[in-house]
Ligand SMILES: [Zn+2]
């Protein structure tokens, strides 16, 4: 890495102390200073390389829920190892429903690595510099580690180990505890996140755990872990220093999970552990939101799921379901919300989320769903920067272009705070950098 460089342009920092800057001084893969050009030049050695960029520079986008290896394997399976332009690769991913290739045969490490080599450039072309992989089994951790060791991992990955809970919390705890590692181990490229467990089902198909039965059935949905088993692993995580992310979609599930979190917190504070409700889009109550805010519990939300499933939820549950994924309410309650895609199950494109969170349009509906839940341009950008950084357990080093933060940025052809949401949905980033290293560039319009 060079000793330092300057980037000059229109910079949206997400740093409340200095929301807008004209220059970044970058050294050692981190931001040294964000300020005026004169201020930046002052802290850099004379002769440091200078890059002038058009458009608007923002902190690199973060997807707080992306099954990166699955997406890579899907691209590999459909396209082989051909090099695709980003728009082509996106079209390929959207061309087929997700069908896991490992139903026939478990992917090899080499296949996983080849998939990562294909999916990372696409995500960088979309402006993404970091992701949370929300359920990493040992073969996936092995592949991330191998990719990291070979120098092929250009994406910053927060990996959430997913222990097998089928034999109960006790054996899952024993497996997690076997090596003694905890959340936070790793480096800025590959780091252990929280433990991932599944508490209920999903909205589509009626398996999310509701407070009332799903209409026309006597089922409230699935509860995949008994209350006591869930509480046992949550309490253990807090005690030993693992964060915990819980797949929980429905209000009935949220009631149980948050009640458990409250009891855990009474013994061991979870405020700084980044415990996270993953999805949490179906009928969260004001009490759920107040409890999450009080405990410092985060929400990982996916506008992509709302876009794809909003119409189906209204068909299943009635007109009230337009209020699904009420991100404005979560934010108003004081909860930190991170944006994500849940790719490869849902469209991986972060532009969809930046747009949908502002317009609340869902597939197959003439009118926006509960437009009062729409986010402002500032809130939508925060969802994929500061909010997602919090869910990635990296709020102190990602999501902002501020002194000490990682030099992760993307250059957009427009200003996302003033451009129409439709323009944000269509834009293509001009350049993306991870830790000060450029991982995507269209060249066109850039003047290094
Ligand atoms: Zn997922």
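The values are calculated or read from the model by the stated rules, or taken from the named source; none is laboratory data. The model shown is predicted, which means the values in this text are computed figures rather than measured ones. Note that each Cβ is placed from the backbone with ideal geometry, even for glycine, and that neighbours are counted across all protein chains shown.
Total residues in segment 129-166 satisfying the condition of being under 19 Å from residue 246 (Cβ atoms) and assigned to a loop (DSSP other than H, G, I, E, B): the figure is 6. Evaluation of residue 204 against the conditions (1) surrounded by fewer than 17 Cβ atoms within 10 Å (Cβ to Cβ); (2) touching a residue at least 40 places away in the same chain (Cβ under 8 Å); (3) out of contact with any helix residue (DSSP H, G or I) (no Cβ under 6 Å at 6 or more places or on another chain) shows that the sole unmet condition is (3).
Look at (1) more than 20 Å from residue 169 (Cβ to Cβ); (2) crowded, with 24+ Cβ neighbours inside 10 Å; (3) away from the ligand (no atom under 16 Å from the Cβ) and you find that residue 289 fails only one, number (2).
Of all residues in segment 292-322, those being away from the ligand (no atom under 16 Å from the Cβ), farther than 19 Å from residue 213 by Cβ and crowded, with 20+ Cβ neighbours inside 10 Å number 4.
Might you let me know whether segment 31-47 holds any residue that is in the same structural domain as residue 437 (by TED's automatic domain parsing), within 19 Å of residue 155 (Cα to Cα) and either more than 22 Å from the chain's Cα centre (by Cα) or touching a residue at least 60 places away in the same chain (Cβ under 8 Å) (or both)?
The answer is yes; a qualifying residue exists.
All told, residue 289 falls short of being in contact with a strand residue (DSSP E or B) (Cβ under 6 Å, 6 or more places away or on another chain) and at pLDDT 95 or above. Listed residues 209, 258; which is in a loop (DSSP other than H, G, I, E, B) and in contact with a helix residue (DSSP H, G or I) (Cβ under 9 Å, 6 or more places away or on another chain)? Residue meeting the stated conditions: 209. In the condition set (1) touching a strand residue (DSSP E or B) at 6+ places or on another chain (Cβ under 9 Å); (2) surrounded by 23 or more Cβ atoms within 10 Å (Cβ to Cβ); (3) under 25 Å from residue 157 (Cα atoms), residue 356 is compliant with all but (1). Of all residues in segment 315-327, those that are under 12 Å from residue 283 (Cα atoms) have Cβ atoms under 7 Å from Cβ atoms of residues that are surrounded by fewer than 16 Cβ atoms within 10 Å (Cβ to Cβ), 6 or more apart or on another chain, in 317/215.
Count, please, the residues in segment 340-384 that happen to be closer than 21 Å to residue 123 by Cα and either in a loop (DSSP other than H, G, I, E, B) or away from the ligand (no atom under 16 Å from the Cβ) (or both).
Qualifying residue count for the region: 19.
Looking at this structure, is residue 399 under 21 Å from residue 57 (Cα atoms), outside the structural domain of residue 287 (by TED's automatic domain parsing), within 13 Å of the chain's Cα centre (by Cα) and more than 16 Å from the ligand (Cβ to nearest atom)? The answer is yes for residue 399. Check whether at least one residue in segment 392-403 is in contact with a strand residue (DSSP E or B) (Cβ under 9 Å, 6 or more places away or on another chain), surrounded by fewer than 24 Cβ atoms within 10 Å (Cβ to Cβ), touching a residue at least 12 places away in the same chain (Cβ under 8 Å) and part of a helix (DSSP H, G or I), and report yes or no. So far as segment 392-403 goes, no, none of its residues is in contact with a strand residue (DSSP E or B) (Cβ under 9 Å, 6 or more places away or on another chain), surrounded by fewer than 24 Cβ atoms within 10 Å (Cβ to Cβ), touching a residue at least 12 places away in the same chain (Cβ under 8 Å) and part of a helix (DSSP H, G or I). If you filter segment 262-286 down to residues that are away from the ligand (no atom under 16 Å from the Cβ) and under 23 Å from residue 203 (Cα atoms), you find that the one that is surrounded by the fewest Cβ atoms within 10 Å (Cβ to Cβ) is 286.
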